[in-house]
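Below is one structure, written out as structure tokens; comments come after it.
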Amino acid sequence: MRLKTAALLTATLFCALHAGAAEDPSCKKVRFADVGWSDIAATTGLASVVLEGMGYKPTVTIASIPITFAGMKNRQIDVFLGYWNPSMTPVIEPFVKANQIKVLEQPNLVGAKYTLAVPDYLYDKGLKTFADIAKFEKDLQGKIHGIEPGNDGNALIAGMIKDNKFGLKSFKMVESSEAGMLVEAQRAIRAKRAIVFLGWEPHPMNVQMKMRYLAGGDEVFGPNLGEAKVYTAVPPSYETRCPNVTAFLKNLRFTTDMENQVMGPILDKVKPNLAARNILQKNPAVLEPWLKGVKTFDGKDALAEVSAALKR
């Protein structure tokens, strides 16, 4: 009788596993990091809405890049969707080499951009390259505008100034935040003043402001006017511990247009998950490739469940 019971339990377990049984309970809470950029808020919102439809409980911690990576090392953060390569590589590389962070192989976004920018009227006056910045020192009041402290872009700017690259040793970097930098740039543009600021794409700034990216910064921000790819990072053990969530993360592919559509409302104070949900309701076709081979937390068909959740 005991043998029959054991055999029955074994068969039941086997069938459950092959039917997509529930993931480990510890995986239900998916802890994201957001470094305070609207593009990361957008992608985290998109992923969170889908995970909620799958029965998971995503949470978001706002933290600087160094704290995010330290949190991942200490297993306090599960997912970061915003590793910008190559600008962020010097910051994340020590963690990766020490096997404290794993970067998923395929990027979640290609065609991104991250480098210094100027208003179009300043570009037309001759500030077209990194080498031209020093020529406009007086007009610029010796300032280059970055974003929040601890940001990788700020570190690259600070490094240029420290090493006197492009003759920038007498310049000062102005740290603030994404929002603070954008306000300062918009004020300068309205007054037709000179300003150099950290710019990136995807971001609504590219359509809200007439701006141009500076050439010649390949050794600092990477080639092709700061062309970047964005990757997903997780703790090394996460893929083994939470394979279903990881399968979803590996499937994620965003576009600059999609992110811009979500970021616009976020900048207008709409909550990221609501902005993401609205875009997903209008573009349900993106779900199929994202959820290929993925189950809900309790083992059901993810595409059907998420599609139904978005209709409610």
- Counting only protein heavy atoms with a 1.4 Å probe and every protein chain in place, the carbon and sulfur fraction of the accessible surface of segment 45-87 in whole percent equals 50
- Taking a ≥ b ≥ c as the square roots of the eigenvalues of the Cα gyration tensor, with a/c under 1.5 meaning rounded and otherwise prolate when a/b exceeds b/c and oblate if not, segment 233-276 is prolate
- For every helix of n ≥ 4 consecutive DSSP H residues, a contribution of -39,500 (n - 2.57) applies; sum these over the chain, divide by its total residues, and give [θ] at 222 nm rounded to the nearest 500 deg cm²/dmol. -13000 deg cm²/dmol
- Message: Given a 1.4 angstrom probe, what's the average accessible area per residue across segment 19-82, in square angstrom?
- Response: 34
- Item | DSSP bridge orientation in the chain - percent antiparallel, rounded to nearest 5 | 60
- Between A158 and A191, the FRET efficiency computed from the C-beta separation at R0 = 25 Å comes out, to the nearest 0.05, as 0.40
- Selected from P25, A158, V270, residue furthest toward positive end of dipole (the chain; charges at beta carbon): P25
- Query: Looking at the square roots a ≥ b ≥ c of the eigenvalues of the Cα gyration tensor of segment 198-312, which shape do they give, rounded for a/c under 1.5, prolate if a/b is larger than b/c, or oblate?
  - Reply: oblate
- Two-site FRET efficiency, N251 against K128, from Cβ-Cβ distance with R₀ of 41 Å, rounded to 0.05: 0.55
- Item | Whether the chain is rounded, prolate or oblate, judged on the alpha carbon gyration tensor where a/c under 1.5 counts as rounded | prolate
- Message: Tell me the per residue accessible area of segment 85-199 using a 1.4 Å probe; a whole number in Å² is fine.
- Response: 47
- Query: Accessible area per residue, 1.4 Å probe, Å², for segment 208-301: what's the number?
  - Reply: 50
- Quick one: pull the percent of accessible area on segment 161-246 belonging to carbon and sulfur, 1.4 Å probe, ligands and nucleic acids left out. 49
- Message: Applying a 10 Å radius around every beta-carbon, put 149-162, 272-285 in order of their mean neighbour count, most first.
- Response: 149-162, 272-285
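The values are calculated or read from the model by the stated rules, or taken from the named source; none is laboratory data. The shown structure was predicted, so the numbers you read here are calculated from the model rather than taken from an experiment. Positions of Cβ are generated from backbone atoms using ideal geometry, with glycine treated the same way; all protein chains shown enter the neighbour counts. Remember, those area values only see protein heavy atoms, side chains included, never the ligands or the DNA or RNA. Shrake-Rupley method; radii C 1.70, N 1.55, O 1.52, S 1.80 Å.
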